[in-house]
2 protein chains.
Amino acid sequence: MTFTEQLASAWQKNNSLLCVGLDPDPARFPAHLKDKPDAIFRFCSEIVDATADLACAFKPQIAYFAARRAEDQLEALIAHIHEKHPGVPVILDAKRGDIGSTAEQYAIEAFERYRADAVTVNPYMGRDSVEPWLAYQDKGVILLCRTSNPGGSDLQFLKARVGAGDTPIFEHVAQLVARQWNTTGQCALVVGATFPAELARVRAIVGEMPLLVPGIGAQGGDIEATVSAGRTAAGSGLMINSSRAILYAATDKNASEDYAAAARRVALETRDAINRWR
Amino acid sequence: MTFTEQLASAWQKNNSLLCVGLDPDPARFPAHLKDKPDAIFRFCSEIVDATADLACAFKPQIAYFAARRAEDQLEALIAHIHEKHPGVPVILDAKRGDIGSTAEQYAIEAFERYRADAVTVNPYMGRDSVEPWLAYQDKGVILLCRTSNPGGSDLQFLKARVGAGDTPIFEHVAQLVARQWNTTGQCALVVGATFPAELARVRAIVGEMPLLVPGIGAQGGDIEATVSAGRTAAGSGLMINSSRAILYAATDKNASEDYAAAARRVALETRDAINRWR
């Protein structure tokens, strides 16, 4: 099954557009895990087990593992998701981007070593930097388009001369991907929830293409505005990511609550809040 | 000593603008190394030892290590360079780029775990994605500007409306970095050797800022044109990268030649060819 098919199946089966982001920060782990050598794996796999029937995807962010020499725990975590929750695809959030021969190595890292179903990729180096990812035809390739951070505007919001008119760079990326790069139906885009009007522009350009939407929760994006702007005609097409608000629902606010139960509570609330506006 | 100071010192001491890129591909290793568990470390460290007095920097490309679960060998390699060749800085070629909280993790990976002196960073997500790197004030932050691959033109060569006129995106990146982001003098830019006219434009914008220039050798860039277009008034300011032409000088063409000696021969030829046009 391809990533796109897996995603469509998870949207339906779990009645969910919620992507659970896995950004494990040991400083925020519950006390009993802090000194365990496999604390990152334990924490993340318990979050996964508590939320898998509420999510359309899991998205581990590789930097949180690499900063702590925990590549082995990332491998184990993704293997755990595939084994225990085979219907929920794994997006490796790595935002890689390099020339063809190096991109081939990154694709081996993401798809063969970690066995991710999809990966996030930076488009700045252009089409030939993306092609080695597309050679894995059952995998998803999710290109940065309009990111949710304030600095996203520095380049992405510039107006570029394309043909007769002026087009913001992020719209040009959406056009390039939708019209030229996505010949195999593997592509998706990252568009932040913090800019609903721009999310709507991208949706108008890309048709049914899936959009990965970070920026709700800790980053402040509004759920109603996000869903209204980004959904397809069929009320789907989105992977709305929440990471910290779910992962640290207990440990940041109420240390006596079980952290997996708290994560499930917030994931359920978020899924249902999203579904209210589909 | 900061990265910028280390680089200036290596330029002078080794009379060299040559950056030796370390892209270890075990399929191209000499036969006696192929089955060794630490083949990547052995191969790279022998190349390093054979070329350290001819180089202004070493640039390991992290994808080649990550694709083979060889993070430990990358750590050992960088430690080896620091210990044996303390005058030659290490650039970790990782092309990372993410929002602030994740960029902090990537900076821990590059600067604390691997102890790199500088790192390559993708500018697409804008200033706040770069700031966590700049918080390490003795380190170098080398931003992608104009890359040497054909797809580099897809976005970087678009004309953007900036102020009254039209500016190619890569020139706008050079302006942003030189005029706004580089408040601490830590920044450098990646500009490919395959576009000498654009290299000259960037040099005119950034003054004395160091430029990392990939694309000579295997990628076809011309040394005379590169040096003429990219040097500073003092005949310096460049890290001209060569990877495959040096690493595989023996194994690809003349399997009976010692690979470290062959690498030294090509590094010496390349350094001297560069110096002819300074």
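Overview of results
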| item | result |
| --- | --- |
| Residue pairs meeting the criteria (Cβ under 7 Å; at least 6 apart or on separate chains; first at the interface with another protein chain (Cβ under 7 Å from one of its Cβ atoms) and hydroxyl-bearing (Ser, Thr, Tyr), in the stretch A:147-163; second crowded, with 22+ Cβ neighbours inside 10 Å and in a helix (DSSP H, G or I)) | A:147/A:156 |
| Condition check for residue A:167: over 12 Å from residue A:123 (Cβ atoms), polar (S, T, N, Q) and in contact (Cβ under 8 Å) with a residue 12 or more places away in the chain | no |
| Conditions (1) within 23 Å of residue B:120 (Cβ to Cβ); (2) within 18 Å of the chain's Cα centre (by Cα); number of the one not met by residue A:101 | (2) |
| Hits in the stretch A:170-210 - residues which are of a type outside the set (Val, Ile, Thr) and touching a residue at least 60 places away in the same chain (Cβ under 8 Å) | A:185, A:186, A:188, A:210 |
| Condition broken by residue B:59, with the remaining ones in (1) over 20 Å from residue A:144 (Cα atoms); (2) outside any loop (DSSP other than H, G, I, E, B); (3) free of Cβ contacts under 8 Å to residues at least 60 places away in the same chain satisfied | (3) |
| Any hit, the stretch A:188-195, residues being surrounded by fewer than 22 Cβ atoms within 10 Å (Cβ to Cβ), modelled with pLDDT under 95 and farther than 23 Å from residue B:163 by Cβ | no |
| Residue that is nearest to residue B:102 (Cα to Cα), among those in the stretch A:1-34 that are among the aliphatic types (A, V, I, L, M) and in contact with a strand residue (DSSP E or B) (Cβ under 9 Å, 6 or more places away or on another chain) | A:22 |
| Residue check, residue A:86 in a loop (DSSP other than H, G, I, E, B) and either within 7 Å of chain B (Cβ to nearest Cβ) or hydrophobic (A, V, I, L, M, F, W, C) (or both) | no |
| Positions within the stretch A:121-146 being under 23 Å from residue A:197 (Cβ atoms) and either more than 7 Å from chain B (Cβ to nearest Cβ) or free of Cβ contacts under 8 Å to residues at least 40 places away in the same chain (or both), in sequence order | A:142, A:143, A:145, A:146 |
| Residue count, the stretch A:127-163 (criterion: touching a Pro at 6+ places or on another chain (Cβ under 9 Å) and not in a loop (DSSP other than H, G, I, E, B)) | 15 |
| Extreme residue, farthest from the chain's Cα centre (by Cα), among residues of the stretch A:164-206 that are in a strand (DSSP E or B) and away from chain B (no Cβ under 14 Å) | A:187 |
| From the options A:71, A:112, residue that is under 20 Å from the mean Cα position of the chain (by Cα), surrounded by fewer than 24 Cβ atoms within 10 Å (Cβ to Cβ), of a type in the set (Asp, Glu) and closer than 14 Å to residue A:136 by Cβ | A:112 |
| Failed item, numbered, when residue A:226 is tested on (1) out of contact with any strand residue (DSSP E or B) (no Cβ under 9 Å at 6 or more places or on another chain); (2) assigned to a helix (DSSP H, G or I) | (1) |
| Residue A:117 being modelled with pLDDT of 95 or more, surrounded by 22 or more Cβ atoms within 10 Å (Cβ to Cβ) and either more than 19 Å from the chain's Cα centre (by Cα) or facing chain B (nearest Cβ under 9 Å) (or both) | no |
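Residues are listed down the side, and each one gets a yes or a no for (1) farther than 23 Å from residue A:94 by Cβ; (2) outside any helix (DSSP H, G or I); (3) in contact with a strand residue (DSSP E or B) (Cβ under 8 Å, 6 or more places away or on another chain):
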| residue | (1), (2), (3) |
| --- | --- |
| B:36 | yes, yes, no |
| B:42 | yes, no, no |
| B:47 | yes, no, yes |
| B:69 | no, yes, no |
| B:74 | no, no, yes |
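Conditions (1) within 14 Å of another protein chain (Cβ to nearest Cβ); (2) polar (S, T, N, Q); (3) crowded, with 24+ Cβ neighbours inside 10 Å, marked per residue:
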{"residue": "B:13", "(1), (2), (3)": "no, no, no"}
{"residue": "B:22", "(1), (2), (3)": "yes, no, yes"}
{"residue": "B:29", "(1), (2), (3)": "no, no, no"}
{"residue": "B:38", "(1), (2), (3)": "no, no, no"}
{"residue": "B:42", "(1), (2), (3)": "no, no, no"}
{"residue": "B:51", "(1), (2), (3)": "no, yes, yes"}
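The values are calculated or read from the model by the stated rules, or taken from the named source; none is laboratory data. Fair warning: this is a prediction, and the values are worked out from it, not measured in the lab. Heads up, the Cβs are rebuilt from the backbone with ideal geometry, glycines too, and the neighbour counts pull from every protein chain shown.
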